[in-house]
1. Within the range 21-138, which helices (runs of 4 or more DSSP H) (wholly inside it) include 3 or more residues that are under 24 Å from Val185 (Cα atoms)?
2. Could you tell me which of the residues Val90, Val57, Val64 is touching a helix residue (DSSP H, G or I) at 6+ places or on another chain (Cβ under 7 Å), β-branched (Val, Ile, Thr) and at pLDDT 90 or above?
3. I want to confirm something. Restricting to the range 127-142 and keeping residues that are of a type in the set (Gly, Ala, Ser) and open to solvent by 10 Å² or more (accessible area, probe 1.4 Å), which single residue is nearest to Met394 (Cα to Cα)?
4. Which one of these is among the hydroxyl-bearing types (Ser, Thr, Tyr) and in contact (Cβ under 8 Å) with a residue 24 or more places away in the chain: Thr28, Thr49?
5. Is it fair to say Pro134 is more than 23 Å from Pro309 (Cα to Cα) and out of contact with any helix residue (DSSP H, G or I) (no Cβ under 8 Å at 6 or more places or on another chain)?
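The values are calculated or read from the model by the stated rules, or taken from the named source; none is laboratory data. For clarity, every value in this text was computed on a predicted model and none was experimentally measured. Counting neighbours? That spans all protein chains shown, and the Cβs are built from the backbone with ideal geometry, glycine included. We work out accessible area using only protein heavy atoms, side chains counted, and drop any ligands, DNA or RNA first. Shrake-Rupley method; radii C 1.70, N 1.55, O 1.52, S 1.80 Å.
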Amino acid sequence: MSSTDADGLPPGRRGLASACIAAGITVTVLDAAMLNIALPSAAADLGLTPAEAVWIVNAYQIVVVGTLIPMAALGEIFGFRRVWAWGLLVFSLAAMVCSVAPSFEALLAARMVQGLGSAAVMSLTAGLVRHTYPAAQLGRAIGVNSMTVGLASAAGPSLGAAVLAVAPWPAVFIAHIPMGLAALVFGLKLLPRVPGRRRPFDITAAALNVAAFGLVFLGMDLLLHAPWVAVPALLGGMLCAAALVRLEMARPVPLLPLDLLRIRVVRFAVSASVLMFAAHMLLVISLPFHLSAAGFSPVQIGMIITPYPLAVGLLGPIAGRWADRANSTLTCVLGGVFLATALVILALVPPSMVWAVCGALLLAGVGFAGFQSPNNRAMLSAAPRARAGSAGGMQATARVLGQSTGAVTAAACFTLAGPWLGFLCGVAFALASSTLSLVRGRG
């Protein structure tokens, strides 16, 4: 059966293909989660300051955010499976280079190449899911993907700590490579064969996209630490974005998916996703500092936070199944309200009330899971199947932009007042997301 049929892949192959997709996205999530634990060790070994060491993460993130949409376009042109496989191969090879990099500069270069591979995997995951499952099970499939990401995020810090207990920090780059290579080998046989739509790849638009997103991300990251660099970067990014929009406006199949943003459901779902991921980041960044100030150890903080990613992971498939059977508006609206309520509780109760903190985190996990899968289903199902790659790239871009916005806002809140202000800003983002979901549902 062709994977372009509405029924997706046959049931037996569908489950195996889903496992390959899950393994591919898992290695990218584990890489980030495990590396965060290893940064202090890397900084000490390479003689870096914390501000310098964080560029091991930032260099990767800037490349990812700038190339998600171009990679999605390449997937539509050359085929999802082919570009996804090349991305996973590049990601794995670059990870090996990271583990033996002889200098900080070489490590940064390898991380940037790794970001290219990661962008290909991230941007095409949703499109592959769309062509693997029948339309009636799309929400369930997205929920399983959300569960995979949530559980990998929860396990990443512990796995990173386990690797560091028996090996030096470069080992975190290669610990997940066997899973990635297995996903690559089996994925080439099992993933849906989505024919490419032969059209020229717009190099000018791709370059403007990389410059726009990369400069804006760089500017946001440096805004508090080096405003003399951040402001020109932000202005340059905005000018590149304006030039890109002007270039793409008249094109029937643009690299920047303006044609999809003209679809009302897609437009509101993307905007709500950016806001919700900003609220999510304010929670996950602010809470460790909030608990640390109360005297909790890193191990205790990790245990206290666990209910949040576990709830997101375990409830993702349930929310997805619900979205397949009913209108997604209610779960998206309530998801934002639940997350906002949890953030209010965290801002008001003392950290010593561990039971209240854990209860709030459980509520937050229910809210975020209730939003994520149904909102992503609405976004992907509203886009034409032929544009599933660009829809997936836009979904991933919305996630990264939201995370970046939340991280910058958290840093500003710490400078102005403290973690409690970060919680309250998260409330505003979550309620704004609920409002957009409500408006989307009434359209």
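1. 55-78, 80-100, 104-132
2. Val90
3. Restricting attention to the range 127-142, the residues satisfying the condition of being of a type in the set (Gly, Ala, Ser) are 127, 135-136, 139, 141.
Now narrow it down to the ones that are open to solvent by 10 Å² or more (accessible area, probe 1.4 Å): 135-136.
Details: Ala135: 20, Ala136: 22 Å.
So, considering only residues that are of a type in the set (Gly, Ala, Ser) and open to solvent by 10 Å² or more (accessible area, probe 1.4 Å), the one nearest to Met394 (Cα to Cα) is Ala135.
4. Working: Thr49 fails: in contact (Cβ under 8 Å) with a residue 24 or more places away in the chain.
Step by step, each of Thr28, Thr49 is checked, and only Thr28 is among the hydroxyl-bearing types (Ser, Thr, Tyr) and in contact (Cβ under 8 Å) with a residue 24 or more places away in the chain.
5. Here the answer is yes, as Pro134 does meet what is asked.
Each row is one residue, and each column tells you yes or no for (1) buried (at least 24 other Cβ atoms within 10 Å of the Cβ); (2) out of contact with any Asp or Glu (no Cβ under 7 Å at 6 or more places or on another chain); (3) of a type in the set (Ser, Thr, Tyr); (4) in contact (Cβ under 8 Å) with a residue 40 or more places away in the chain.
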{"position": "Ser352", "(1), (2), (3), (4)": "no, yes, yes, yes"}
{"position": "Cys358", "(1), (2), (3), (4)": "no, yes, no, yes"}
{"position": "Gly367", "(1), (2), (3), (4)": "yes, yes, no, yes"}
{"position": "Gly370", "(1), (2), (3), (4)": "yes, yes, no, yes"}
{"position": "Asn376", "(1), (2), (3), (4)": "yes, yes, no, yes"}
{"position": "Leu380", "(1), (2), (3), (4)": "yes, yes, no, yes"}
{"position": "Ala383", "(1), (2), (3), (4)": "yes, yes, no, yes"}
{"position": "Thr397", "(1), (2), (3), (4)": "yes, yes, yes, yes"}
{"position": "Leu401", "(1), (2), (3), (4)": "no, yes, no, yes"}
